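Below is one structure; the comments refer to it alone.
Nothing in this text is a laboratory measurement; each read-out follows from the coordinates by a stated rule. These numbers come from a predicted model, not from an experiment. Virtual Cβ from ideal backbone geometry, glycine too; neighbours counted across all protein chains shown.
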Amino acid sequence: MSAIPTDARRIAPATARNRDPILDVLRAELPASGTVLEIASGSGEHIVHFARALPHLRWQPSDPSPDARASVAAWTRAEELPAILPPIALDAADDAWPIGPVEAILCINMVHISPWAATKGLIAGAAARLPDGGLLYLYGPYRRTGMVTAPSNEAFDEDLRRRDPRWGLRLLDDVSALAADHGFGAAHVIEMPANNISILYRKLA
Ligand SMILES: C[S@@+](CC[C@H](N)C(=O)[O-])C[C@H]1O[C@@H](n2cnc3c(N)ncnc32)[C@H](O)[C@@H]1O
């Protein structure tokens, strides 16, 4: 039995359903070496899963929430994964991020549960830190031009806006326009389970 304290570990039930489909995408798209920064790590279950599968990369978790960072640290200790660095306090909306260049950036399920300023900061911060060809990976539910939004996502959007009027599903085209303004190429979209999508942006040379 482990003597490591486990009380700070949180569990986000959706992670058990989406972590393997996301990992399948990342396996094919992440670089062979270097540091992967995760924005909005939440419970830390994703980064633990990815680091276990891809231990040749260095994994940098982050979240502005102290409770989230405590959970990430507790998961990392419990799973004994040396590839995961200690979590850092990082608010994507801030101009100054406490980290320098990285090889890839992941952001799962934050864009719709934060003000638009967080997405703007995410894309500007990623553009400033990624090398040419570097990957910015987003995952979550989005609205898409010319496509009907699934009823479950419409209901989710309503619920989000009720909780905070600054939240809500974003239009993929708006995110891609922002990414283009910051030197990223066109979105590569991969359909994922439960009406979510993976969005991959590569920094142009
Ligand atoms: C729904 S949770 C997703 C957590 C995790 N990525 C997952 O998919 O389980 C949203 C996370 O976004 C974080 N968050 C909210 N606003 C943020 C911001 N401005 N910058 C970075 N993270 C933010 C929250 O602290 C929370 O951990």
Starting from the Cα-Cα distance between Val189 and Ser152, subtract it from 0.36 nm times their residue separation and give me the gain in nm to one decimal.
11.3 nm
For the range 13-202, alpha-carbon Rg and Dmax in angstrom
15.6, 46
What is the dipole size for the chain, taken about its Cα centre, with +1 at each Lys and Arg Cβ and -1 at each Asp and Glu Cβ, in debye to the nearest 20?
100
Ranked packing of 146-155, 130-139, most packed first, by mean Cβ within 10 Å:
130-139, 146-155
Listing His56, His112 from the residue with the fewest other Cβ atoms within 10 Å to the one with the most, what is the order?
His56, His112
Inter-probe distance in nm under a simple model that places probes 7 Å from Cα toward Cβ, at Ile99 and Ala128
1.4
Of the listed peptides 36-48, 14-26, what is their order by residue-averaged count of other C-beta atoms within 10 Å, with the highest listed first?
36-48, 14-26
